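The values are calculated or read from the model by the stated rules, or taken from the named source; none is laboratory data. Quantities reported herein were computed from a predicted structural model and do not represent experimental measurements. Every residue, glycine as well, gets a Cβ built from its backbone with ideal geometry; the counts of neighbours run over all protein chains shown. Note: areas computed on protein heavy atoms with side chains; ligands, DNA, RNA excluded. Shrake-Rupley method; radii C 1.70, N 1.55, O 1.52, S 1.80 Å.
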Amino acid sequence: MTWDAVVLAGGEARRLGGVDKMTITVGGRTVLDRVVDAVGGAERIVVVGSRRPLARAVVWTREQPPGGGPVAGLAAGLALVTADRAVLLAGDLPFVSPALVDVLLAQVARPSSGPVDGPDGAVLADDGGVPQLLCGAWRTESLRRALTAVAPPAGTSVRRLIAGLRVRTVPPPVGGPPPWLDCDTEADVAAANDLV
């Protein structure tokens, strides 16, 4: 199966004093460039948010209304997805890797012990076992059905969106910086740079 990627790069960065966190650098590269590189194997990379300079070519779109939340962003991005599977990532995860993306995609391609067609999606769990809902791979059709059920998407939580889906949780990789580390605060950014 082919796959596309949807990277959510909206939000207001309130905890960073209004600084555009997608342009913050970790290890000399913007967090958004790092996330986009992690999905470089996608047929199409859709970035949802305001246009910014990137090292790689992507398709840009915007959620409606702007600032409508991650499910509104997913709806906008998914409208441009043509592949069977879609990787969904928050744009502020500087340590997501292509290897982790491959693991998530493989989980969606594999049948489970339940239904023959396997899970609807697979998400990363952090070191405490908490599912990271904005770091996963999904069957595109499953996400489209879920979006139809919660319309309108603005203001809807990701947890509510996927409540009826079969989701496999993937344990965190061993070693290396934590891929679930997001850059929401100045302390997060400092911690990320210390790990590079």
Open item on the list: So, T23, is that one open to solvent by 10 Å² or more (accessible area, probe 1.4 Å) and either on the phi > 0 side of the Ramachandran plot or out of contact with any strand residue (DSSP E or B) (no Cβ under 9 Å at 6 or more places or on another chain) (or both) or not?
Closed with: no
TODO: For the stretch 65-84, indicate whether the set of residues that are assigned to a loop (DSSP other than H, G, I, E, B), within 30 Å of G175 (Cα to Cα) and of a type in the set (G, A, S) is non-empty.
DONE: no
Open item on the list: For the stretch 126-166, give me each residue that is open to solvent by less than 30 Å² (accessible area, probe 1.4 Å), assigned to a helix (DSSP H, G or I) and in contact with a strand residue (DSSP E or B) (Cβ under 7 Å, 6 or more places away or on another chain).
Closed with: T140, S142, L143, V158
TODO: Six or more apart or on different chains, Cβ under 8 Å: which pairs go from a residue in the stretch 62-83 that's basic (K, R) to one that's outside any loop (DSSP other than H, G, I, E, B)? Could you list them?
DONE: R62/V48; R62/A76
Task: Subset tally (residues that are open to solvent by 40 Å² or more (accessible area, probe 1.4 Å) and either over 17 Å from the mean Cα position of the chain (by Cα) or within 15 Å of L143 (Cβ to Cβ) (or both)) for the stretch 57-77 - done: 5
TODO: Have a look at V189, V96 and point out the one that is under 25 Å from D33 (Cα atoms), β-branched (V, I, T), touching a helix residue (DSSP H, G or I) at 6+ places or on another chain (Cβ under 9 Å) and at pLDDT 95 or above.
DONE: V96
Open item on the list: All but one of (1) at pLDDT 95 or above; (2) crowded, with 18+ Cβ neighbours inside 10 Å; (3) of a type in the set (V, I, T) hold for T169; state the number of the condition that does not hold.
Closed with: (2)
Task: Only one of L93, L32, L100, L89 that is within 19 Å of D184 (Cβ to Cβ) and assigned to a helix (DSSP H, G or I) - done: L32
